[in-house]
Amino acid sequence: MKESLSKDVLFDFFDGRTTSIQRKLVEDWLADPQNEELYHQYLDEWESRHPQFSPQIENALSDYIALMNDEDTGKEIPLSQTEVKRSGIWKTPWLYGVAAACLLMVVSFVFRNELMYRSLESENGRISEYKLSDGTNVVLNANSVLRVPRLGFGSGNREVMLDGEAEFKVVHTESDSRFIVKMNKNYLIEVLGTEFVAFSRERGTKVFLTKGKVKLSLPKGKQLYMKPGNLFSTEKDGKFTLTSSSTPGRFVAWKQDMFYFDNTLLSEAVEQLNDRFKVDVRILDPVLGKRRIGGVYKAKQADDLLAILSELLHLEVVKHNEFIELRPSVTNPNHE
């Protein structure tokens with residue numbers, strides 16, 4: 001067991017106020033599993049004194065850089081601030097200190113987040129399977145990341161963060177602790193023990209429930225309850241639908257390197273291709289993107305599916321320097 005660390009040092013660490021030497025001591029101390037119980041005890045105590053928030057780190061950092069560069073951030077500024085800024089606000093030394101302190105707070109938050117969580121990843125074009133500390137089984141689709149607490153879940157809620165696509169088989173605990181999956185744009189999945197598939201990428205969010213019950217927390221405080229067979233999906237504009245599907249196999253076809261298309265738009269098929277193989281395939285012809293395709297196809301690499309699409313829909317695959325283009329074949333007799 002590592003030498004005991006004082007509560008004050010850990011609280012400073014949670015506050016993001018530790019020195020580089022102190023952070024190294026905390027990191028070494030956290031590496032010992034025997035310190036897990038004490039760590040969670042101190043963390044619970046600290047969190048009870050400091051209600052948490054979810055800072056928009058990327059936005060804050062970009063706004064800070066823009067302000068330092070005297071750029072227009074597009075945000076409304078009170079007249080009094082505008083007048084001071086024009087007269088040379090950044091010539092005042094204390095403002096540099098305030099800006100530096102804000103930047104340090106953001107960096108400290110990111111550092112603490114990285115230290116407290118570890119990333120489970122799947123490689124390009126491949127799936128990966130993991131068993132979490134509570135016994136929950138997770139299968140990650142290609143180019144997906146699941147962030148889990150570095151020291152396990154402790155006695156509270158079991159919280160993870162998903163960027164990509166995964167199948168979860170969540171075990172029920174004796175203490176009825178909730179399993180929570182945090183996704184993009186403030187979507188949350190909350191369960192006790194169940195099986196579901198979750199998709200969380202920039203272009204949208206999807207949840208398909210196989211067994212059990214799921215509570216979804218949506219932006220603006222909305223909540224939604226799902227039953228087995230329900231499919232929840234959103235678009236980029238935030239609109240969502242809740243439907244039932246009679247073909248659950250299509251949501252886990254990727255586990256067998258398969259693509260399942262059911263009257264699917266070609267543009268959607270290309271997005272799935274880009275997600276799984278991290279390529280940049282584009283359809284520049286909007287009419288072509290609205291064509292549809294059906295069937296189940298095996299593809300272990302991007303070229304496999306491109307060849308299938310090319311043959312079925314009479315397409316040309318044109319490889320540019322920065323992207324791959326799909327266009328109608330000039331030899332296609334149906335092409336006008």
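For the pair Thr247 and Ser175, the difference between a 0.36 nm per residue extended length and the Cα-Cα distance amounts to 22.5 nm. Listed peptides 295-305, 137-147 appear in the order 137-147, 295-305 once ranked by packing, highest mean of other Cβ atoms within 10 Å at the front. Largest accessible area first, the residues Val197, Val171 order themselves as Val171, Val197 under a 1.4 Å probe with ligands, DNA and RNA left out. Amide H contacts of Leu120: Leu146, Arg147, Val148, each under 5 Å away and 5 or more positions distant or on a separate chain (H built 1.01 Å from N in the peptide plane; Pro and chain starts excluded).
As a calculated quantity, the FRET efficiency between Arg17 and Asn137 at R0 = 25 Å, using C-beta atoms, amounts to about 0.05.
Given a 1.4 Å probe and the protein chains as shown, Glu159 ends up with an accessible area of around 60 Å². Taking 0.36 nm per residue of separation and subtracting the Cα-Cα distance, full extension of the segment from Ser267 to Leu284 would add 5.1 nm. In this Cβ point-charge picture (+1 for Lys and Arg, -1 for Asp and Glu), region 280-321 has a dipole of about 180 debye about its Cα centre.
The values are calculated or read from the model by the stated rules, or taken from the named source; none is laboratory data. Treat the numbers as computed from the prediction; the structure is a model and nothing was measured. Neighbour counts are summed over all protein chains in view; Cβ atoms, including those assigned to glycine, are modelled from backbone coordinates with ideal geometry. For accessibility, only protein heavy atoms count, side chains too; no ligands or nucleic acids. Shrake-Rupley method; radii C 1.70, N 1.55, O 1.52, S 1.80 Å.
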